[in-house]
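Each remark here refers to the structure printed beneath this line.
Each reported figure results from applying straightforward, stated rules to the coordinates on display, with no laboratory input. As the structure is a computational prediction, the values presented were derived from the model and not from experiment. Because the Cβ atoms are built from the backbone with ideal geometry, glycine has one as well, and the counts that use them run over all protein chains shown.
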Amino acid sequence: MPLCTSLLEMGYPRMICFVLPLSTVFLFIYLSATKLPDIHVNECSENGKPCVEIQNDVNFKPVIKAKGPPSVGVHEQDDIVIENTMKSCKRDGFQIGKMLKSFRASVTENNEILLDEYLNGWRELIKFMDSMGTVFTFISHETITKINILQGYLNGENGKSYRTISSMVKYELENEVVNFKELPSNRVPSGCRTLLRMHRALKWLEDFLYKVGTSPGNQKTSELCADSYHKTLAHHHSWFIRQVAEVAFLALPSLEEMYEVVCVKDHNEARVVLLTTVDAIVIVYNITQEIYTNNKMLDLP
C-alpha cells in the first residue's frame, strides 16, 4: 500500500503527502553536500548545455567563455525580454534577475571570479530556497553558514588575499591553510574547502535549471530532476539514499509553479530567462573548476 494512502487512512491531512517527500528531497541534497562522502564531478558544460562526455583526464581544462553577453542564443533582444520580465515581477524576495547580475558581475575581464559577487549570487539563491517554503529553512541555514565563513575571510586581516577565488587558493596553499588529508574538528574550514561544497551545489543547480529551461512543457520537474541526479550523483550514493531521492523527487513543484517562482509567464519566457542564467552560472562554474583542477583540490576532505 502506498505510503501516502496509509498516512491518510491514519488520519493525517492530505498536505503531508506533499510536505514529507519535499522535505526529503532537500534533506537528500543537504546530506549530499555536507554529510556524505565528497563527490568529484568532472562533467563539463558548453554553451549552457552539459557536455555528453565525462572528462576523466585530470589535466582537462574546461572551456572558459570570456565575459560579455551570454552565448546560449541570447542577444540584445533577449536581454530586453529579461529586463521587462524582471520589471513586471511583483514578488518580494527572490528575483532571478538579481542572481543573474551577481554571477555575471563576479567574472572579471581577466576571467577571475570576484568572491564578493559570487557570494551575492548565492545570497539570491537562498532567497530562492526561502521562496519555496519553510521546508528549505535548514538548507538555507547551512548555506548561510558557508557564506559567513567565506565572508569572514574576506573581511578579515588577510581579506585582500580573498578578493578572487584564484587569490584565495594561492594564499591558502602558500600558507598551508588547506588540509588535504582531514578536517581538524577544532578548526574553521578553509575557504577552499568551503567554496568547493558550494561549487558542487552550483553544478546541480546549473544542470537542473537547464533542463527546466529547455523542457517542451509536457515533462514533470520530478523527471527532469531525477535525470539530472542519475547523470551526476546517483553512482556516488548508497542504495538507501538513491531510494529516498526517487521518492522525494515526486514532490517537486510543477513547471508552471517553477515559472511563477522565477516570474515568467510561459515556456518562451522561461527559456530565455533560465538559459541566460544557466549561461552565467556555467562561466563561473568552469573557471572555478579549472582552478580546483589545476591545484588538485577537487577531493578536499
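Here the label points at Ala105 and Asn295, each 7 Å from Cα along the C-beta direction, are separated by 2.5 nm in the simple model. The modelled label-to-label distance between Ser167 and Asp79, using points 7 Å beyond Cα along the C-beta direction, is 2.7 nm.
If the chain between Asp92 and Thr145 were fully stretched, how many nm would it gain, using 0.36 nm times the residue separation less the Cα-Cα distance? Present the calculation step by step, with values, prior to reporting the outcome.
On the way: separation 53, 0.36 × 53 = 19.08 nm, distance 2.33 nm.
So the extension gain works out to 16.7 nm.
Applying the criteria of a DSSP loop state and at most 14 other Cβ atoms within 10 Å to the trypsin sites (Lys or Arg not before Pro) of the stretch 225-301 yields Lys265, Lys296.
On full extension, the segment bounded by Glu257 and Glu182 gains 22.8 nm, given 0.36 nm per residue less the C-alpha separation.
How about the stretch 154-184: which trypsin sites (Lys or Arg not before Pro) there are in a DSSP loop, with at most 13 other Cβ atoms within 10 Å of their Cβ? Walk me through the intermediate numbers first.
Values: sites: Lys160, Arg163, Lys170, Lys181; in loops: Arg163, Lys181.
Passing sites in the stretch 154-184 are Lys181.
The GluC sites (Glu not before Pro) of the stretch 170-266 meeting both criteria, a DSSP state outside H, G, I, E and B (loop) and at most 16 other C-beta atoms within 10 angstrom of the site's C-beta, are Glu176, Glu182.
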